[in-house]
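The numbers here are math on the coordinates, done by the rules we state, and not lab data. Quick caveat: nothing in here was measured; it's all calculated off a predicted structure. Cβ placement follows ideal geometry from the backbone for every residue including glycine, while neighbour counts extend to all protein chains displayed.
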Amino acid sequence: MQLTSALYRNTILFFATFYALVLWGFWNRYYSNPLQVSNLLVQLHGFAMTLWCVMLIAQAYLIRTSRRALHRLIGKTSYVLAPLNVVLQIAVIRSTVPAHPELFDKGMISAPGFVFLSLSIVGASVFAVLYGLAIFFRRTPALHARYMACTALPILAAATDRIVFFYFAKTAERLPKVAGTPYAPFVAWAMADLTLMTLVVWDWTSHRRLNVFPLVLLALLAYQVFTVNAHQVSLWRTFCQWFLGYPLV
């Protein structure tokens, strides 16, 4: 089967699986009792991300059932939902990171803190770029579908990190370390990279196309390499200190 046809038929399963991981990862801290969350920004972000996931599944279903007019109409809500999720993600990071002592050392941001900020902030930025490309190519369905499917990959770690630490704690201890700590995002990264490698080969063999998935794979690899080395990049350290409100001297 050609990849383009497979995307139109099966992207709904991809997005449903993504949302299932989100539900699993955030069940204890959010979905089991959303009202227990006292932080308003976290409440809003959880609600906005839920709407985003539901919209992705609905949009994939509408394409699969050839309801393109309704797909385009609902797609316009993404012009609000996508930026809103990025803004709320950044706002949640800014408001909640100071409450996590494991990200600080003697009152200053620690190496794990810089790595976490890279994972979250740069991940949200990659999501925003991929979404922007999907909208830019909205009149080219094959490119639009590819970029939109890829938007789930840079934010996957938010769900899988929690799954790994909550349900597979002993396995988490065996993961490679970053800044001296076992690093759960390697699980999401392996899933994303292997998925993209498969799609690169499939897209080439069925369409002789190398214009989306290879670029996304390179972008994610660059993001991953930067994240594990973020605590050693002085410019990033300066940015993070400014972002969290530290005086720069």
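Miscellaneous remarks
- Failed item, numbered, when Leu175 is tested on (1) buried (at least 21 other Cβ atoms within 10 Å of the Cβ); (2) touching a Phe, Trp or Tyr at 6+ places or on another chain (Cβ under 9 Å); (3) of a type in the set (A, V, I, L, M): (1)
- Looking across the range 17-42 at every residue that is surrounded by fewer than 16 Cβ atoms within 10 Å (Cβ to Cβ) and of a type in the set (Gly, Ala, Ser), the one that is nearest to Leu62 (Cα to Cα) is identified as Ala20.
- Given (1) within 28 Å of Tyr61 (Cα to Cα); (2) without any contact (Cβ under 8 Å) to a residue 60 or more places away in the chain, number of the condition Leu103 does not satisfy: (1)
- For the residues Val86, Val22, Val37, Val97, the requirement of being among the β-branched types (Val, Ile, Thr) and farther than 16 Å from Ser120 by Cβ singles out Val37.
- Residue match in the range 62-79 (condition: outside any loop (DSSP other than H, G, I, E, B), of a type in the set (S, T, N, Q), free of Cβ contacts under 8 Å to residues at least 60 places away in the same chain and closer than 30 Å to Thr181 by Cα): no
- The set of residues in the range 6-55 being aromatic (Phe, Trp, Tyr) and in a loop (DSSP other than H, G, I, E, B) consists of Phe26 alone.
- Matching residues, the range 48-62, being under 16 Å from Gly25 (Cβ atoms) and not hydroxyl-bearing (Ser, Thr, Tyr): Met49, Trp52, Cys53
- Looking across the range 45-80, the residues that are over 20 Å from Arg146 (Cβ atoms) and crowded, with 17+ Cβ neighbours inside 10 Å come down to His45, Gly46, Ala48, Met49, Thr50.
- Residues that are more than 25 Å from Tyr223 (Cβ to Cβ) and in a helix (DSSP H, G or I), drawn from the range 97-115: Ala99, Pro101
- The range 131-169, residues that are part of a helix (DSSP H, G or I) and either among the hydroxyl-bearing types (Ser, Thr, Tyr) or in contact with a Pro (Cβ under 7 Å, 6 or more places away or on another chain) (or both): Tyr131, Tyr147, Ala157, Thr160, Asp161, Tyr167
- Among the residues making up the range 170-216, those that are without any contact (Cβ under 8 Å) to a residue 24 or more places away in the chain, more than 19 Å from Pro141 (Cα to Cα) and assigned to a loop (DSSP other than H, G, I, E, B) are Glu173, Arg174, Leu175, Pro176.
- Residues within the range 98-137 that are β-branched (Val, Ile, Thr) and over 13 Å from the mean Cα position of the chain (by Cα), tallied: 3
- Within the range 217-249, being surrounded by 12 or more Cβ atoms within 10 Å (Cβ to Cβ), part of a helix (DSSP H, G or I) and among the aliphatic types (A, V, I, L, M) holds for Leu217, Ala219, Leu220, Leu221, Ala222, Val228, Ala230.
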